[in-house]
1. Picking from K76, K95, which residue would you name as being out of contact with any Gly (no Cβ under 6 Å at 6 or more places or on another chain), at pLDDT 70 or above and within 18 Å of A35 (Cβ to Cβ)?
2. Residues of segment 47-60 being at pLDDT 95 or above and of a type outside the set (V, I, T), which ones?
3. Please pick out the residue among K46, K5, K87 that is touching a Lys or Arg at 6+ places or on another chain (Cβ under 7 Å) and closer than 21 Å to E108 by Cα.
4. Check L20 against each of (1) closer than 19 Å to N85 by Cα; (2) within 43 Å of the chain's Cα centre (by Cα) and name the one condition it does not meet.
5. When you scan segment 122-139, do you find a residue that is at pLDDT below 95, more than 36 Å from the chain's Cα centre (by Cα) and not hydrophobic (A, V, I, L, M, F, W, C), even just one?
6. Would you please list the contacts, defined by Cβ atoms under 9 Å and residues six or more apart or on different chains, that run from a residue in segment 41-57 that is in contact (Cβ under 8 Å) with a residue 60 or more places away in the chain and buried (at least 19 other Cβ atoms within 10 Å of the Cβ) to a residue that is assigned to a loop (DSSP other than H, G, I, E, B) and among the basic types (K, R)?
7. Could you look through segment 77-87, keep only residues that are under 19 Å from P19 (Cβ atoms) and in contact with an Asp or Glu (Cβ under 9 Å, 6 or more places away or on another chain), and pick out the one that is surrounded by the fewest Cβ atoms within 10 Å (Cβ to Cβ)?
8. Run E9 past the list (1) of a type outside the set (A, V, I, L, M); (2) surrounded by fewer than 18 Cβ atoms within 10 Å (Cβ to Cβ); (3) more than 24 Å from S115 (Cβ to Cβ) and report the number of the one that doesn't hold.
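The values are calculated or read from the model by the stated rules, or taken from the named source; none is laboratory data. What you are looking at is a predicted structure, and each value in this text was computed from that prediction instead of being measured. Positions of Cβ are backbone-derived with ideal geometry, glycine not excepted, and every protein chain shown enters the neighbour counts.
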Amino acid sequence: MNSLKNYREVGIFDLLSAPLNPIGAFDAEQFKKDARALIDANPDDKFVAVDLMGLDFVYSDAYNAFIQFQQELSAKGGMLALLSNSKTIADGLMKAGLASKLKVFSFEAEMMSFSLHSHSPEESAASAPEEPTVAAVASQNVGGAAAPAKRTERKTGLNRRFTKSFNAIIRNKESALEKQGIKDPFEEEPTTHKVAPVIVVVLLIFAALAVFILM
């Protein structure tokens, strides 16, 4: 890289200056030569970018050259990126179907940020977080078992028959009491010692009336 003067290092990228032809348009053939010389001289460098700032458009032969080196660098875990804030170039990439294949930075600061926070495509894929898995929710019962609790069977046999018969007896007794007009089975019945004083009072009243008539 010491013999090449048409690039500068920006983060992990070797940023090539855009070669121009005599009329000021992007020279795709010269770009191929510059990019080939840079890559061959530095086989360990995997990230190359092209400075297109100041250019409003490039021709289709430039797009073909870009995708050629993108495929080559991508094969060894790198990429070819473009430095451009031109909407015309962005639209051209979109129309050519290259918008998703070529990384475009609008400012050198974005290239620096990418360099600091990103890895090569292969490393990024290897370090990418796995798909979230749905963890089993632990039971709130004692023991906190994650497995779903088994459904308990209802009791059968003698216990079930006894319970059924006892309930039937209670229901039959309640029905009989309701027919008799007794709403509260626990209501106290009138006793004899409460009725006797009433009878005595009635007898005394009759006796007093008899004496009054005879007089």
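1. K76
2. Once the filter is applied, which keeps residues that are at pLDDT 95 or above and of a type outside the set (V, I, T), segment 47-60 yields F47, A49, D51, L52, M53, L55.
3. Values: K5 fails: touching a Lys or Arg at 6+ places or on another chain (Cβ under 7 Å); K87 fails: touching a Lys or Arg at 6+ places or on another chain (Cβ under 7 Å).
Residue meeting the stated conditions: K46.
4. It fails just one condition, (2).
5. no
6. Matching pairs, first to second residue: K46/K76.
7. Among those that are under 19 Å from P19 (Cβ atoms) and in contact with an Asp or Glu (Cβ under 9 Å, 6 or more places away or on another chain), it is S86.
8. (3)
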